[in-house]
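Read the structure below first, then the notes.
Where a number appears in this text, it was derived from the coordinates with a stated rule and is not lab data. If you're wondering where the values come from, they're calculated on a predicted model, not measured in any experiment. Cβ atoms come from the backbone with ideal geometry, glycine included; neighbour counts cover every protein chain shown.
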C-alpha cells in the first residue's frame, strides 16, 4: 500500500534511470547510509568489527568484483583467491617500498595492478567459455599462490614467508598495524565499499554493463550488433579484478594484518566468494551484499547460538556449523535458484500490492 | 517501370528507389565440400525492400550471413556503398551501418526491453570507461540522448507498455518486435531481416508487415528480407531474388518472378523423366 510507484511520476530520463526509482526504497537507502556512517562507528567494538562488519564489507567488495565478471559478463572465474593475493602482495610491496605515500593510494594502485594481472589471465576467455574457462582461471589461482610462495622478493625475504602490514595512518588515525582501533578499520572499509558499490552500479547500468550482459546472454548476437568481444571481456576482467584486488589488499592490510598466501588466499577463498554471488544473486549489486552478509554472518550467528546459547563444546559446534551452513546453502538454492536478490525482488513485488492479493 | 535500370527506378506505388547500396558479385561460399552458394550476383538499391526467397536449404540464410559479414565467401566481391569490403569482423560490419534480426530470436533474455534496444545504439555511445564509472559528463549525457532516440523507436513499434519487462518473459510475437526495435535503434543503412514472420499468426504477420513498410517509408531504410510466406513476400517487396540449391534462379519484380518457369519448378517440383 505504501510501497509502490503510483503517484511517483518521473518527468525526465535521468529520474527514470535512477538506482532507486521507488520513494520508499530511496528513503530506506538513505537511512541505512546514515546509520552506517553516523551511528555504527560510535557503537562498534573489536568483536563486532572483527567478526562481523569488517569481513562483511571486504567480502562485499570481492563479491561485487566477481559479480561483474560472472554475474554480468557471464565469465566464470575460480581465480578470485589468487587475484585477492595479487592485491594483498601488491599493497604490501607498495607499503614497504613507499612508506610516505598514503595507504589509500597504495590500495587503489594494488587494485590497478590486479586489474592488469586479471586482464592477462582473462585472455583465454576469448577462446574458451563456461567450465573450460573456469579451469583456466583455476590455473591462475594455483599459479599465483605458487608464485607468491616461491619468489622471496614478494614477501621481502622474511624468514617466516609471511607478509605483515606495517602501521599506516589516514588523517592521523592508524588504519593498519596492531594499534588500529575498531572504528578506524570499519570506516576505511566502509569508505571503499560505498565508493566501489557506486562505481559498480554506474558501470553496470551504462554502456559497459550492457556490453557485458549482451556477451553473457548471447555472444554471437552481441558481436553482430557491434560489441567487440575482446574489449568487452577484457574490460570485465579488468573491472572485476580491480575490485577483487582492493578486497585482497584490505583483507590483508586492515583485517588480517599478517598473511601467508596459501592459507589466506587459497582456493577456499575463490569458492567462498563464488558461493556469495550464487547465493546472493548473479548480476545484482544488492545480491553481492546479501551473499556476503549471508556467508559472513551465518557462521557467526550459528556459533553464538550453539556455543553461547546451547553451551556445546567449541569443536563439536565448529563441525556442526559447517554442516548447517552447507545444508542452508542447498536449501536456499532449492527455494530460490536465483538467489537472495530474486527473493528480495519477489518480496517487493508482493509488497506493492499488499494488503490486496492482486 | 524498369527495375533493371542502372541509376534507380520508381516503384508501382511511386517510391523513388536510389542507386545500388550493396552489390554482391559472383559470390561463392563453401563449407568443406558443400557449396552453399554458387556464383551468385545481385544488388540491393537505396530505399528498396529486397526479398530473398527459395525452398529450404537453398542458401538464403547463408547469403544473409555473407551480407552481414558473419561468413566470408571464398570467391566473389562484396561492395557496400561504393567500397569493396574486405574480410571483416561482424562488429566492424555493424559499425558500417548494417543491422539484422535473426531467424530464431537472438535477444538478450536477462535484460529489459529497454536495455535490449539500448544495446542497438552501442556504436553511437563513445563515453570512456572512467566517465561511466563515475556517471559524470559524457556517460550520463549520452545515456539520456540515446534514451530519447530509443523512446522514439519504442513509440514507433508500439511497445511502450513493456519497456521495463525482462525480454525472457515476453511472448514470441513481441520478442520479434523487440528484435526489430533493437536493429532499428542502430539507425542502419541496410536492415537484414531473417524470416521476420516465422511462426507468427495472421494478426502478428499483419502487424509485422505494417511495421516493415512503415520503417521503409518513415526512415527510408533499405531492407533485405528472407521470408517463406509467399503472400507476404509478394506484397511487401520491390524486387525478389530466388535461390535454389545455392544457385540464383530468378531475379526481378514479384510479378516477373511469379511467372518464371524455373521458379515455379523449384517450388512445385518438376517431373523427372
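Other chains near B:120-132: what is the mean number of their Cβ atoms within 10 Å of each residue's Cβ?
Partner Cβ neighbours, averaged per residue: 4.
Determine the calculated [θ] at 222 nm for the protein assembly as shown from helices alone, applying -39500 (n - 2.57) to every DSSP H run no shorter than 4 residues and normalising by the residue count; nearest 500 deg cm²/dmol.
On the way: 26 runs with 329 residues, N = 631.
Helix-only estimate at 222 nm: -16500 deg cm²/dmol.
Can you figure out the FRET efficiency of residue A:220 with residue A:23, using R₀ = 30 Å and their beta-carbon distance, to the nearest 0.05?
Working: r = 41 Å, r/R0 = 1.37.
E(calc), rounded to 0.05, equals 0.15.
Restricting to Cα atoms and excluding each atom paired with itself, what does the Kirkwood estimate give for chain B in Å?
19.7 Å
I need to check one value: relative contact order of the stretch A:44-266, counting alpha carbon pairs closer than 8 Å and at least 6 residues apart, in percent.
43 percent
Which three semi-axes in whole Å describe the equivalent ellipsoid of the stretch A:44-266, each the square root of 5 times a Cα gyration tensor eigenvalue, listed largest first?
They are 31, 20, 14 Å, listed largest first.
Using the Kirkwood formula over every pair of different C-alpha atoms, what hydrodynamic radius in Å results for the stretch A:1-66? Please list the in-between numbers first.
On the way: mean 1/r = 0.0681 Å⁻¹.
Answer for the stretch A:1-66: a Kirkwood hydrodynamic radius of 14.7 Å.
What average count of beta carbons from other chains do you get within 10 Å of the Cβ of residues in B:148-159?
The per-residue average across the peptide is 0.
Answer rounded, prolate or oblate for the stretch A:216-358, using the Cα gyration tensor with square roots of eigenvalues a ≥ b ≥ c: rounded when a/c is under 1.5, else prolate when a/b is larger than b/c, else oblate. Walk me through the numbers on the way to the answer.
Details: a/c = 2.51, a/b = 1.21, b/c = 2.07.
It comes out oblate by the Cα gyration axes.
By how many degrees, 0 to 90 and rounded to 10, does the Cα axis of helix B:202-219 deviate from the longest principal axis of chain B?
That helix lies at roughly 80 degrees to the long axis.
Tell me, Kirkwood radius of the protein assembly as shown from alpha-carbon pair distances, in Å?
That comes to 27.6 Å for the protein assembly as shown.
When Cβ neighbours within 10 Å are restricted to other protein chains, what is their mean count per residue of peptide A:15-26?
For this peptide, the per-residue mean of nearby foreign Cβ atoms is 1.
Determine, for B:27, B:144, the number of other Cβ atoms within 10 Å of each Cβ, and report the residues in order from fewest to most. If you can, show how the numbers build up before the last one.
Numbers: B:27 24, B:144 14.
Neighbour counts put them in this order, fewest first: B:144, B:27.
Please give the peptides B:76-85, A:307-316 ranked by average Cβ packing (other Cβ atoms within 10 Å per residue), highest first, as a rough proxy for protection.
Ranked by mean Cβ neighbours within 10 Å, highest first: B:76-85, A:307-316.
Determine the percent antiparallel among the DSSP beta bridges restricted to chain B, to the nearest 5.
Bridges in chain B that DSSP calls antiparallel: roughly 60 percent.
What ranking, highest mean first, results for peptides A:106-114, B:247-255 when packing means the other Cβ atoms within 10 Å averaged over each residue? Walk me through the numbers before you get to the answer.
Working: A:106-114: 24.1, B:247-255: 18.1.
In descending order of packing, they fall as A:106-114, B:247-255.
Principal axis lengths of the stretch B:1-133 from Cα atoms, whole Å, largest first?
Ordered largest first, the stretch B:1-133 gives principal extents of 54, 45, 28 Å.
What do you get when you divide the Cα radius of gyration of the stretch B:168-232 by 2.2 N^0.38 Å, with N the number of residues?
Against the compact-globule rule of thumb, the ratio is 1.07.
Order these by the 10 Å Cβ neighbour count, fewest first: A:350, B:25, A:211, A:93.
Starting with the residue having the fewest Cβ neighbours, the order is A:350, B:25, A:93, A:211.
Quick check: Cα centre of the stretch A:227-278 to Cα centre of the stretch B:112-157, how many Å?
After rounding, the separation between the Cα centres reads 30 Å.
Got a sec? How would B:28, B:10, B:119 order by Cβ neighbour count within 10 Å, fewest to most?
Arranged by neighbour count, lowest to highest, B:28, B:10, B:119 become B:10, B:28, B:119.
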